[in-house]
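What follows is a single structure, written as structure tokens, with notes after it.
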Amino acid sequence: MGIAEKTLSLKASLPSGVKLVAVSKFKPSEDILEAYNIGQKDFGENYVQELVKKASELPSDIVWHFIGHLQTNKVKLLVPVVSVIQSVDSLKLLKEINKEASKIDKCIECFLQVHIAEEETKTGLNKEELYGLLSNPELNAMQNIRLTGLMGMSTFTDNLTQVQTEFSTLKQIFDDVASKHNNLSNFDFKELSMGMSGDWQLAAQEGSTMVRVGSTIFGNR
Ligand SMILES: *Cc1c(COP(=O)(O)O)cnc(C)c1O
């Protein structure tokens with residue numbers, strides 16, 4: 001199967017209400033175009049320079065999601081081309097995104113990345129940090145960002161029970177945050193981004209609204 005067929009077949013197997021972000025890191029623009037040509041519009045990238053370069057080569061109606069670790073000094077480069085930043089893990093980063101977006105009169109959708117995995121290496125906010133950030137009064141003044149969801153990555157393991165538990169924990173946090181913090185003007189919690197090539201079925205079962213799938217579509221990196 002080619003990239004177009006793989007994308008179509010994956011889309012057909014997603015439960016209704018679950019969106020697909022095709023993760024294209026390290027893959028050439030031609031590969032992205034193959035998926036785009038059968039109607040895939042949402043693509044995810046992990047590196048700022050790579051995303052910016054591809055955005056300049058590819059159709060302008062692609063919705064770019066940034067899903068990698070983001071350094072404050074790269075925000076300026078990223079903001080003009082990106083629609084969604086799924087990997088926000090600090091107030092400092094949110095402020096910088098808001099600042100750069102306000103300069104060009106743009107609004108960026110931001111997901112907060114939550115650490116649900118066992119591994120120390122995976123980035124993201126723990127539960128306390130998440131709630132701390134969400135109760136910071138400075139958030140209200142940020143006119144050029146919208147907090148629209150949470151993103152999480154499970155532990156890389158064959159233990160499906162553990163992965164399932166991590167996803168269901170994130171879903172609980174999502175529901176709790178969505179009900180508690182809806183008083184903020186720039187708050188519109190609707191997306192729960194969880195699930196990758198190896199675990200998207202479990203994630204969808206546990207309440208994911210958005211899966212980020214790379215290798216199943218584009219092959220191994
Ligand atoms: C690379 C990556 C993915 C896609 O991973 P696959 O296993 O190739 O589907 C999803 N989310 C994040 C944050 C990634 O870095």
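FYI, it's all coordinate maths here, none of it is from the lab. Bear in mind the structure is a predicted one, so any value in this text is a computation, not a measurement. Counting neighbours? That spans all protein chains shown, and the Cβs are built from the backbone with ideal geometry, glycine included.
What the Kirkwood sum gives for region 18-84 is a hydrodynamic radius of 11.9 Å, with every pair of different alpha carbons counted. Need one word for region 105-221: rounded, prolate or oblate. Basis is the Cα gyration tensor (sqrt eigenvalues a ≥ b ≥ c); a/c below 1.5 gives rounded, then a/b vs b/c decides. Prolate, since a/c reaches 1.5 and a/b exceeds b/c.
Distance between the C-alpha centres of region 1-22 and region 53-125: 24 Å, rounded to the whole angstrom. Between amide H atoms placed 1.01 Å from N, distances below 5 Å from Gly44 occur with Ala22, Val23, Ser24, His65, all of them 5 or more places distant or on a separate chain.
Relative contact order of the chain: 20 percent, from C-alpha pairs under 8 Å at least 6 residues apart in sequence.
Mind jotting down a quarter of the surface of the convex hull over the alpha carbons of region 1-112, in square nanometres, one decimal? It would help to have the intermediate numbers written out before the result.
Working: hull surface 29.0 nm².
Averaging across all directions leaves 7.2 nm² for the Cα convex hull.
In percent, rounded to a whole number, the relative contact order of region 1-96 is 22, using alpha-carbon pairs under 8 Å and six or more apart.
Considering the convex hull of the alpha carbon atoms of region 163-208, report its projected area averaged over all viewing directions, in nm², one decimal. Display every interim value, and only then the final one.
Values: hull surface 12.8 nm².
If I average the Cα hull's projected area over directions, I get 3.2 nm².
Rounded to two decimals, the Cα-based Rg/Rh of the chain, with Kirkwood Rh, is 0.95. The Cβ shell under 11 Å around Phe187 holds other residues with a net charge of +2, Lys and Arg each +1, Asp and Glu each -1.
What 222 nm value per residue comes from the helices of the chain, counting each DSSP H run with n ≥ 4 as -39,500 (n - 2.57) and dividing by all residues, nearest 500 deg cm²/dmol? For the chain, the value works out to -11000 deg cm²/dmol.
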